[in-house]
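The values are calculated or read from the model by the stated rules, or taken from the named source; none is laboratory data. Since the structure is predicted, the reported quantities are computational estimates derived from the model, not experimental observations. FYI the Cβ positions are ideal-geometry reconstructions off the backbone, even for glycines, and counts take in every protein chain you see.
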Amino acid sequence: MSISPIFKKDLLAIGCGPSNLSLMALWVGAGQSGATILDRSANFTWHSGMQLPGAELQVSFLKDLVTLADPTSPYSFLSYLKSTGSIYRTLVASRYSVSRRTFEKYYTWTVKKLAVAKFNTEVVAITLGRDGFHVETNSGRYIANNVSVGIGKTPYVPNFDDPDRSRYHSSNFAEHASASYAGRAICVVGGGQSAAEIVEYLLNLPAPPATIHWICRRPMLLPLDDSPFVNEIYTPAFAEYFYSLPESARAQLNESLKMTSDGISSRTLEGLYTRLYRNSIETEDHTRVHLKCSCDILNVTKQSEGNLKVITRNKLTDYREEFNCDRVLYATGYRYETPAFLDGLASLLTFLPSGEICLNEDFSARLKTSTKARLFLQNAGVSQYGLADQNLSLSAWRSAKIVNSILGREHYTLDQESVATSFPLSQQGAPQSRKFAV
């Protein structure tokens, strides 16, 4: 009988995505070692299902893994460009943004440069022992005082009677052959950036669909709010202010600011509108696009003929409509789910009414027991830190806070950034944190 090997680590990260890559880059940048990233995939990928031609990053490339915490880091996006001899061409070609594909290549370069990722490793369970967290995997046991969970969110698909619905979520859209859409009737569900990019992609195919039904719950296709003042919600100052607020106020803020993350970029909207206008004016044989806003889908069912029947309801008029299509593409977003491998710690964790695990100011889980071991959760605190917690904007800042916390000292300076807006910390329950220069 073989005995599983035991590996001891100072820092163990679960999930090789941007959050844990950022953490590892800053950990190594602080002169630390003894760290590993575990990932169940065979290799690194980032939003592979939506790596479509022309798809751009929706944030500045300065919001990479490290720059906003350590501009001198060798793991920055600019360091990557310099290493590939493409820094000048990229700056000339990408005046406002860079392609999503380019950033995926940057992440892949960082994975290789750090050389701390172990793929094909499935985490089965985590328990807390006297000597730290015991992490069981399919290839051995790890013991670590510090564990960072950054596995991202799970694709969400409404529970319709469509047996293929999970296969056609936007997360795996690029896996399907473009020829399969030729001359077909396609339904796209969603009112955000992914839905818009899918429709744009379908319209630009050499053999496009005959018909696209675009179903959106919002009253119209709404633009991403990318204006300067509102963008200050994606700063450390706002995140700390947000964390200090009562839960009801946090929920209200997230709802009112939703279009700063869930809207469609103006460039995408303008390109789509122009394309639809030209189709209707300049060509007779074109894809017919039926945009239906303020609509819910009540159900999607598979017909005996093999196609799908879609039933919709207009939320404003209660008008109901049925139509048949060949395929439904779900751009219905993602939801955070507490991973099953944390079940062994469930009795030690505290949960908020939102379902999130309660986090301390350093992004560690608030445990019900006294221990030096800490479990950090990345990209899992939207209701506690705001909308920025789910995207790339504060990855480097969050990782730097975690590194500082583990080291017990401020290796990365995080208290010098000013903002135009005053964000006074709440008097009740405010964390002990810096004063903001305004």
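Some values worked out for this structure:
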item: Failed item in (1) over 24 Å from Ala174 (Cα atoms); (2) in contact with a strand residue (DSSP E or B) (Cβ under 6 Å, 6 or more places away or on another chain), with Cys16 passing the rest; result: (1)
item: Exclusive hit being exposed (fewer than 12 other Cβ atoms within 10 Å of the Cβ) and either under 22 Å from Cys325 (Cα atoms) or assigned by TED's automatic domain parsing to the domain that holds Gln384 (or both), set Asp285, Asp296; result: Asp285
item: Residues of the stretch 77-101 satisfying the condition of being over 14 Å from Ser60 (Cα atoms), crowded, with 16+ Cβ neighbours inside 10 Å and among the hydroxyl-bearing types (Ser, Thr, Tyr); result: Ser79, Tyr80
item: Residue list for the stretch 310-346, restricted to those being crowded, with 16+ Cβ neighbours inside 10 Å, outside any loop (DSSP other than H, G, I, E, B) and either in the same structural domain as Leu375 (by TED's automatic domain parsing) or of a type in the set (D, E, K, R) (or both); result: Arg327, Phe341, Leu342, Gly344, Leu345
item: Verdict on Leu91 being at negative phi, outside any loop (DSSP other than H, G, I, E, B), modelled with pLDDT under 95 and not acidic (Asp, Glu); result: yes
item: Checking Arg184 against (1) closer than 30 Å to Lys401 by Cα; (2) in contact with a Lys or Arg (Cβ under 8 Å, 6 or more places away or on another chain); (3) modelled with pLDDT of 95 or more, the condition it does not meet; result: (1)
item: Residue match in the stretch 127-134 (condition: of a type in the set (Phe, Trp, Tyr), assigned to a strand (DSSP E or B), under 25 Å from Gln390 (Cβ atoms) and not assigned by TED's automatic domain parsing to the domain that holds Asn299); result: yes
item: Filtered residues of the stretch 287-309 (kept if among the hydroxyl-bearing types (Ser, Thr, Tyr) and at pLDDT below 95); result: Thr287, Ser304
item: All positions within the stretch 391-414 that are over 19 Å from Thr260 (Cβ atoms), outside any loop (DSSP other than H, G, I, E, B) and of a type in the set (S, T, N, Q); result: Ser399, Asn404, Ser405
item: From Thr350, Thr332, residue being within 16 Å of the chain's Cα centre (by Cα) and β-branched (Val, Ile, Thr); result: Thr332
item: Every residue from the stretch 350-376 that is surrounded by fewer than 17 Cβ atoms within 10 Å (Cβ to Cβ) and in a strand (DSSP E or B); result: Phe351
item: The stretch 159-177: number of residues that are out of contact with any Leu (no Cβ under 9 Å at 6 or more places or on another chain) and over 14 Å from Gly49 (Cβ atoms); result: 4
item: Odd one out for Asn379, checked against (1) surrounded by 17 or more Cβ atoms within 10 Å (Cβ to Cβ); (2) in a strand (DSSP E or B); result: (2)
item: Any hit, the stretch 97-107, residues being farther than 26 Å from Thr235 by Cβ and assigned to a loop (DSSP other than H, G, I, E, B); result: no
item: Ala69 vs. criteria assigned to a loop (DSSP other than H, G, I, E, B), modelled with pLDDT of 95 or more, among the small types (Gly, Ala, Ser) and surrounded by 14 or more Cβ atoms within 10 Å (Cβ to Cβ); result: yes
item: Where Arg278 falls short, out of the listed (1) surrounded by fewer than 14 Cβ atoms within 10 Å (Cβ to Cβ); (2) basic (Lys, Arg); (3) touching a Phe, Trp or Tyr at 6+ places or on another chain (Cβ under 8 Å); result: (3)
item: Selected residue [assigned to a helix (DSSP H, G or I) and either over 25 Å from His176 (Cβ atoms) or at pLDDT 95 or above (or both)] from Glu270, Glu284; result: Glu270
item: Any hit, the stretch 154-164, residues being within 30 Å of Thr36 (Cβ to Cβ) and among the β-branched types (Val, Ile, Thr); result: yes
